[in-house]
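I have placed the structure first, in the form of structure tokens, so that the comments after it can refer back to it.
We did not get these values from a lab; they are worked out from the coordinates using the rules stated. Predicted model, so just to flag it, every value in this text is computed and none were measured. So basically every Cβ, Gly included, is an ideal-geometry build from the backbone, and we count neighbours across all protein chains shown.
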Amino acid sequence: IGRTVHFYESVSSTQKLAKEFALNGAKHGTLVVSDEQTEGRGRLVRQWYSPKGTGLWMSIIVRPEIPIQKTPQLTLLTAVAVIQAIEATTGLHPTIKWPNDILINGRKVCGILTEMQAEENRVQSVIIGIGVNVNQNKADFPEELQTIATSLKIEADKTVSRTKLLQNICYQLEQLLNEYLHTGFKPIKQLWESYANSIGKQITARTAKGSYTGFAIGINDEGVLLLKQASGEVMEIYSADIDLP
Ligand code: BTN
């Protein structure tokens, strides 16, 4: 991972660019990184605030030989890799908020977006987009983000090297991806659950159909959240906002 690097000072979105590179045959592990994004994208057609000089905005093209239905596992794997890289770079201990937000002290420090290109039920490429708030000060965030977002600098109380973090993310991703391709998803899932802030807790999941309270017992192999209700019935949560007590 990261043996071919396309670096830019400013782009619309590294995700968009990486998709074009992938369609043009870019190799497994190709990295696209930019100092600034003018149209950074988040999940669910949200925007991703990507100012110049203070964040790590990157997209990685991977070409694993896995069936389409297993690609959500790569999103979970990436969260584990980013957490381990943040731990190695800063000594901070982030947690995961299902489905895939990385938090420190309850505020979001990193978001992950994975998108797949497939042909006849075969994965051609997966674009893994990672956005980390690295050296922003609190006042740098737009007001609406100040209570929900944070940066590594705010949490560690010192400036953090984006280069070191980038190297560590590439290294951890490569390690975990190899482990995954050799031994399967189980060890990754266990790591993911150990970092997740909601597993083993009473939570409320706010879904489009309504709110459900129960005990979060874990995730399944598709990354679906398993919620045990008072009745004993286990509910599968595909999409929701999670409230912790
Ligand atoms: C989310 O939490 O909604 C996911 C955010 C993903 C942001 C990253 S930054 C690099 C890459 N390029 C984009 O436009 N988005 C992803």
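Laid out as a table, the results:
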quantity	calculated
Among 80, 123, 62: highest mean-square fluctuation, GNM of the chain, C-alpha pairs under 10 Å	123
Extreme residue, positive dipole direction of segment 5-195, given options 98, 8, 142 (C-beta unit charges)	98
Total charge dipole magnitude, the chain, about the Cα centre, Cβ charges on Lys, Arg, Asp, Glu only, Debye to nearest 20	160 debye
For segment 82-153 and segment 210-245, distance of Cα centres in Å	22 Å
Only Lys, Arg (+1) and Asp, Glu (-1) charged, at Cβ; segment 1-56 dipole about Cα centre in debye	280 debye
Amide H within-cut-off set for residue 66, under 5 Å, with H built and near neighbours excluded	123
Of 188, 18, 172, farthest towards positive along the dipole that unit charges on Lys, Arg, Asp, Glu beta carbons give the chain	172
Whole-Å semi-axes of the chain's equivalent ellipsoid (Cα gyration tensor)	27, 23, 17
Calculated from backbone phi, Karplus (6.51, -1.76, 1.60) coupling profile of segment 149-163 in Hz, x at Gly/Pro	10, 8, 10, 4, 5, 4, 6, 8, 6, 7, 5, 10, 6, 5, 5
Environment charge of residue 243, counting only residues whose C-beta is closer than 14 Å and scoring Lys/Arg +1, Asp/Glu -1	+1
Links that overshoot a 27 Å alpha carbon limit, given the list 153/209; 52/158; 27/70; 27/158; 19/209; 186/209	153/209; 27/158; 19/209; 186/209
Table column - 3J(HN,Hα) (Hz), segment 24-33, Karplus curve with 6.51, -1.76, 1.60, x for Gly and Pro	8, x, 3, 6, 3, x, 4, 10, 10, 9
Spin-label pair residue 137/residue 10, simplified geometry with 7 Å Cα→Cβ offset, distance in nm	2.3 nm
³J(HN,Hα), Karplus 6.51/-1.76/1.60, whole Hz, each residue of segment 74-89, x for Gly, Pro	5, 5, 5, 4, 5, 4, 5, 4, 5, 4, 5, 5, 5, 4, 5, 7
Where labels lie 7 Å past Cα in the beta-carbon direction, separation of residue 144 and residue 204 in nm	2.3 nm
